[in-house]
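Notes for the one structure printed next.
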Amino acid sequence: PAETQTLQERIDRLLRNVPGDLLTLTQIKEVKAYCLSGIGLHHGGLVPLVREATEILAQEGLLVVIFATETFGLGVNVPSRACFFNFKPGFPLVKFDRHGKRPLRATEYSQMSGRAGRRGHDVLGQSIVNLDTPVDIARASKVLCELPEPLESAFYVSAHTVIQIVGFGIHTWMDWLCSQSLLVFQGRGEVLKRNVTAMLTLLAKRGLLSPDFRQRTRKGRAASVLVIGNCVLLSELLCHKLVKTASVHAVAALLAAFTVEEGLEGKPGPAIKPLLDL
């Protein structure tokens with residue numbers, strides 16, 4: 001009863017800033033009831049404030065067990081005594097993502113199982129994998145025993161990123177970025193600097209930036225509000241005399257080619273924000 005009272009008070013404090021209409025959601029009521037029993041839930045379908053509350057309760061040692069998806073193992077400092085892996089029935093060591101299903105990678109398993117073992121409390125962390133279907137020993141060893149795959153930086157400096165940053169002092173930003181990027185630790189920091197410099201030169205040549213790279217032109221301001229990959233191309237079209245002389249229907253048809261892009265689940269998603277104040 002004392003522990004339940006402590007949990008109740010802590011949960012109430014964590015949820016005190018949640019709007020009243022959200023507190024009536026079924027998921028919040030259910031998660032709160034589970035937490036009072038020492039059970040945490042953490043997955044992408046929960047309200048962000050609820051996920052954060054679960055993380056805080058876990059870090060404070062107020063939860064006994066947490067049912068979570070893979071994202072709980074990324075960036076959340078919640079060491080546990082043991083990690084238990086459960087897979088979809090009939091698909092052992094298989095991960096489902098937006099592209100379908102694929103084998104679980106050693107890096108992913110290492111990241112999640114790394115939560116097992118609390119510094120100063122446990123001599124050994126336990127990782128338990130539940131397999132409802134026989135798995136080839138070679139395949140299991142590849143996931144469970146091999147060293148994680150080497151990390152490679154996937155950071156890409158796009159034209160839109162550079163245009164957005166120009167107003168905040170691009171050179172200061174570039175120096176900080178190059179010092180923080182994984183590319184630096186891979187000995188490729190100069191590559192990143194060259195890429196940013198080349199992008200600045202290209203944008204100035206195309207008339208989106210001033211020659212000294214410190215200001216955006218009218219065309220650059222147009223590109224800065226376009227949330228698409230090729231903002232340079234669309235800004236060129238918007239500022240071209242063809243658009244000024246074309247009919248409303250022709251311009252609408254042209255812009256329609258840029259208004260949607262594939263979303264996370266293969267569904268159309270918004271790609272252009274309103275072009276205001278141009």
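Readers should treat all values here as calculations from the given coordinates under stated rules, not as data from a laboratory. In this text the structure is predicted, and so the values were computed from the model without any measurement. Cβ atoms come from the backbone with ideal geometry, glycine included; neighbour counts cover every protein chain shown.
Charges at C-beta only: +1 for Lys and Arg, -1 for Asp and Glu. How large is the resulting dipole of region 1-136 about its Cα centre, in Debye rounded to 20?
240
Net charge near residue 95, counting Lys/Arg +1 and Asp/Glu -1 over other residues with Cβ under 9 Å of its Cβ?
Taking every Cβ under 9 Å from that of residue 95, the sum is 0.
Once you have the Kirkwood Rh of region 1-121 from its Cα pairs, apply Stokes-Einstein at 25 °C and 0.890 mPa s and quote D in µm²/s.
156
Mind giving me the nanometre distance, one decimal, between the label points for residue 218 and residue 95, set 7 Å out from Cα along Cα→Cβ?
4.9
Sum up the charges of everything whose Cβ sits under 9 Å from the Cβ of residue 163, counting Lys and Arg as +1 and Asp and Glu as -1, but leave residue 163 out.
+2
In region 26-86, with Lys and Arg counted as +1 and Asp and Glu as -1 at Cβ, which of these residues, 31, 58, 79, has the Cα nearest the positive end of the dipole, that is, farthest along it?
Value: 31.
Going through region 1-85, which GluC sites (Glu not before Pro) have at most 14 other Cβ atoms within 10 Å and a DSSP loop state?
Sparse-neighbourhood loop GluC sites (Glu not before Pro): 60.
Rounded if a/c is under 1.5, else prolate if a/b is larger than b/c, else oblate: which is region 100-229, with a ≥ b ≥ c the root eigenvalues of its Cα gyration tensor?
prolate
Note down the nm distance, to one decimal, between modelled labels 7 Å out along Cα→Cβ at residue 74 and at residue 111.
0.5
On a full-extension model of 0.36 nm per residue, what is the gain between residue 205 and residue 128, subtracting their alpha-carbon distance, rounded to one decimal in nm?
Contour length minus the Cα-Cα distance gives 21.9 nm.
To the nearest 0.05, what FRET efficiency results for residue 2 and residue 65 with a Förster distance of 25 Å applied to their C-beta separation?
Values: r = 20 Å, r/R0 = 0.79.
Here the calculated transfer efficiency is 0.80.
Quick one: grab Rg to one decimal and Dmax as a whole number for region 55-138, Cα atoms only, in Å.
Over region 55-138's Cα set, Rg and Dmax evaluate to 13.9, 41 Å.
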